[in-house]
Amino acid sequence: MMLLTGAQIVIECLKEQQVDTVFGYPGGTILNIYDELYLHEKEIRHIRTSHEQGAAHAADGYARSTGKVGVCMATSGPGSTNLVTGLATAYMDSIPMVAITCNVNLPLLGKDSFQEVDMTGVTMPITKHGFIVKDIKQLAPTIRRAFQIASSGRKGPVVVDITKDVTQLKCEFTKKKPEPLLRPQKYDEQDIEQAVALIQKSKKPFLLVGGGAISAD
């Protein structure tokens, strides 16, 4: 068990999930996480894009090409909303992504504060799930859950929005192995045999296969 800041917990959770590459663009509220990311540059490579939208699309492309969960980061306000097009693309194509954003300090939420955006509300229609972390004790469980949701079942993007003060506070942290994925039920051999028989009898067989076939066992 270790006593870590919220920013350190974010990096430790990424290491738990075997994340080796993060795409993003630094900004005010997320700088604490970037400071920790810099200290772990040998373990997690950061690719700074020229715009947050590029970070989201890059994470999407990374997930498509590697089969891993793509990770992108952005600061509050316009930084986080610039991820929207990339998140929508990933959602439409069922691509696993986790977008980590930071919001204003907890006392400033809901007061139309400078660069305050309801990121979970904005992205609700284009993500599998969205979290806002206001309690540091919920930070590690939330990030772990985000990766599980993104990569289980029909895959897709998940947003984890963290208030800036959570990245500065300290909390006890215990390392954990990633939770097992929620996989669909095993197929029935008889159904497969029946499908093969139908295809063999067909004169002009036509298969409509979704993108999940690429990562299927």
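Taken together, the values in this text are just the output of simple stated rules run on the coordinates, not laboratory data. Quick caveat: nothing in here was measured; it's all calculated off a predicted structure. With ideal geometry, Cβ positions are generated from the backbone for all residues, glycine too; neighbour counts draw on all protein chains shown.
Normalising by the residue count of the chain, find the relative contact order in percent from Cα pairs under 8 Å and 6+ residues apart.
Details: 405 pairs, mean separation 51.8, N = 217.
Normalised by residue count, the contact order of the chain is 24 percent.
Can you tell me, using C-alpha contacts under 8 Å and at least 6 residues apart, the relative contact order of segment 88-176 as a whole percent?
On the way: 146 pairs, mean separation 38.4, N = 89.
Across segment 88-176, relative contact order equals 43 percent.
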(request) Let me know the whole percent of all Cα-Cα pairs from segment 84-128 that are separated by more than 12 Å. (result) 63 percent
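If I stretch the segment between Leu169 and Tyr187 completely, what's the gain in nm (0.36 nm per residue apart, minus their alpha carbon distance), one decimal?
On the way: separation 18, 0.36 × 18 = 6.48 nm, distance 4.69 nm.
Extra length from Leu169 to Tyr187 when fully extended: 1.8 nm.
Expressed as a rounded percentage, what relative contact order does segment 1-104 have, with Cα pairs under 8 Å and six or more residues apart?
Details: 169 pairs, mean separation 30.4, N = 104.
Relative CO of segment 1-104 lands at 29 percent.
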(message) Which one, Ile95, Ile44, Ile162, has the greatest fluctuation when you compute a Gaussian network model over the chain with C-alpha springs under 10 angstrom?
(response) Ile44
(request) For segment 102-180, state which trypsin sites (Lys or Arg not before Pro) are in a DSSP loop and have at most 13 other beta carbons lying within 10 Å of their beta carbon. (result) Lys111, Arg154, Lys175, Lys176
(message) Below 25 Å, Cα to Cα, which lysines can Lys68 reach? Residues fewer than 8 away in the same chain don't count.
(response) Lys15, Lys42, Lys128, Lys155, Lys175, Lys176, Lys177, Lys186
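Most exposed first by the Cβ proxy, i.e. fewest other Cβ within 10 Å, how do Thr123, Thr81, Thr66 rank? Present the calculation step by step, with values, prior to reporting the outcome.
Details: Thr123 25, Thr81 18, Thr66 11.
By the 10 Å Cβ count, ascending, the order reads Thr66, Thr81, Thr123.
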(message) Eigenvalues of the Cα gyration tensor times 5, then square-rooted: what semi-axes does that give for segment 100-177, in whole angstrom, largest first?
(response) 22, 19, 6
(request) For the chain, just the Cα set please: Rg and Dmax, both in angstrom. (result) 19.3, 67
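Which of rounded, prolate or oblate describes segment 14-66 when judged by the alpha-carbon gyration tensor and an a/c cut-off of 1.5? Could the numbers behind the result be given before it?
Working: a/c = 2.23, a/b = 1.11, b/c = 2.01.
Oblate is the answer for segment 14-66, as a/c is 1.5 or above yet b/c matches or exceeds a/b.
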